[in-house]
Structure formats: structure tokens, C-alpha cells
1. Looking at (1) surrounded by 21 or more Cβ atoms within 10 Å (Cβ to Cβ); (2) more than 12 Å from the chain's Cα centre (by Cα), which is the one condition that is false for LYS98?
2. Scan region 19-52 for residues that are of a type outside the set (Val, Ile, Thr), in a loop (DSSP other than H, G, I, E, B) and modelled with pLDDT of 75 or more and report the count.
3. List the number of the failed condition for VAL87; all other conditions in (1) touching a helix residue (DSSP H, G or I) at 6+ places or on another chain (Cβ under 6 Å); (2) modelled with pLDDT under 95 hold.
4. Tell me, yes or no, whether region 144-151 has at least one residue that is modelled with pLDDT under 95, buried (at least 17 other Cβ atoms within 10 Å of the Cβ) and out of contact with any strand residue (DSSP E or B) (no Cβ under 6 Å at 6 or more places or on another chain).
5. Taking the options VAL156, VAL107, VAL90, name whichever one is without any contact (Cβ under 8 Å) to a residue 60 or more places away in the chain, β-branched (Val, Ile, Thr) and out of contact with any Pro (no Cβ under 9 Å at 6 or more places or on another chain).
6. Go through (1) small (Gly, Ala, Ser); (2) loosely packed, with under 14 Cβ neighbours inside 10 Å; (3) touching a Leu at 6+ places or on another chain (Cβ under 9 Å) one by one and return the number of the condition GLY105 breaks.
7. Has region 98-113 got at least one residue that is polar (S, T, N, Q) and farther than 20 Å from GLU148 by Cα?
Amino acid sequence: MKTGERPCVDDEVPDTVLRDPACPLCNESDTGIDGTVAHTECLRVVRATDVAGFPAFYRVVWHEHVREMSDLSPRQRAVCMEVVVAVERVLRQLSPAKINVASLGNVVPHLHWHVVARFDWDSHFPDPIWAAPRRSVGADRLEALASEVARLDERVARAVGAAFPPPLRARTG
């Protein structure tokens, strides 16, 4: 990507930000549960705190209210996937058994990706995090992982920032 290029803006796509007042992801920053660790012109990365037992769970949320990846231009899709991969690379530093990457949107039809570090000891592994738990997990394991979260947030913010040339560097906080 060239310096000065605006990867989130495409001549093929209207220059207005689409929002749905009923969408929780469009209005997430208004709810007080945002958890944003990185923010760019076109997307944000949020540490998900609404799924207990999975502290290494991030969402990459496209700002505009679009439903599918195919609603984006090829350049916008590339930007989105570059950020998803950047978050995945950071989570690999935790040495998980697997990293789940998914774009579902069945409950909230707003383009967003789930990036979740999974461990063979987690309560649901190898099942999806939304399935019934298979086992209980000792508080010590979750606390040890949760203690890494602040550093993880910083690494995610840096990785997202590195994916964008100046002046589109990610803003933290």
C-alpha cells in the first residue's frame, strides 16, 4: 500500500458511512461496552468481553453497516483481511492449540470477524465457544491468561497500526 493511499475509500463505493440505528455494532461505542483496542478510518478491533472464559477473543468490526465481505470493494476486503491476519498473528504468541477465525453474523448481520485463541484446556475445546461447556476450567488458568490481556491489547494495536501507512495508522484507546 502506498503512503497517502486511502485503503478504506473506494471510488466504487459511496463515500457515506452506512449505519443502522438498531444495530449493536453500529452503536457499540455508545453502549459503554466497546473495548476498542485499535481504530482506523474503516474498522476497529475490539476485545470481546461478553463471552466469559475467553479473554483472548477479539472482533474486527467494519465501521459501515454492511452484511457481507462481498459488499466491500476488493481493496477494502484486502484491508479487512490484513487486519484479521494481524490479530491472528498476535494471538499466536500465546501458543494456543488453535485460533478460530470466523465471520458469522447470524445474530448481528453487520460485517465483523471473530478471532479467538483456543486452548486444549478451555471449557469448550474443541467445540465452538458458543456450544455447551465440556469441562470446568481452573481460575488459575483463566487468571494467567487474563493477566496477558493488557499486553496483548497493546500488541494488537501495534499490529493493526503497522498494517496502515501514515496517516492512517491505527489509533488506540
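The values are calculated or read from the model by the stated rules, or taken from the named source; none is laboratory data. Computed from a predicted model, the values in this text were never measured in an experiment. Quick reminder, even Gly has a Cβ in these numbers, built from the backbone with ideal geometry, and neighbours come from all protein chains shown.
1. (1)
2. Taking region 19-52 first, the residues of a type outside the set (Val, Ile, Thr) are 19-30, 32, 34-35, 38-39, 41-44, 47-48, 50, 52.
Going one step further and asking which of them are in a loop (DSSP other than H, G, I, E, B), we end up with 19-27, 32, 34-35, 41-42, 48, 50, 52.
Okay, now just the ones that are also modelled with pLDDT of 75 or more, so 19-26, 35, 41-42, 48, 50, 52.
Total meeting the criteria: 14.
3. Answer for VAL87: the failing condition is (2).
4. The answer is yes, given that some residue of region 144-151 is modelled with pLDDT under 95, buried (at least 17 other Cβ atoms within 10 Å of the Cβ) and out of contact with any strand residue (DSSP E or B) (no Cβ under 6 Å at 6 or more places or on another chain).
5. Every option except VAL107 fails the conditions.
6. It fails just one condition, (2).
7. yes
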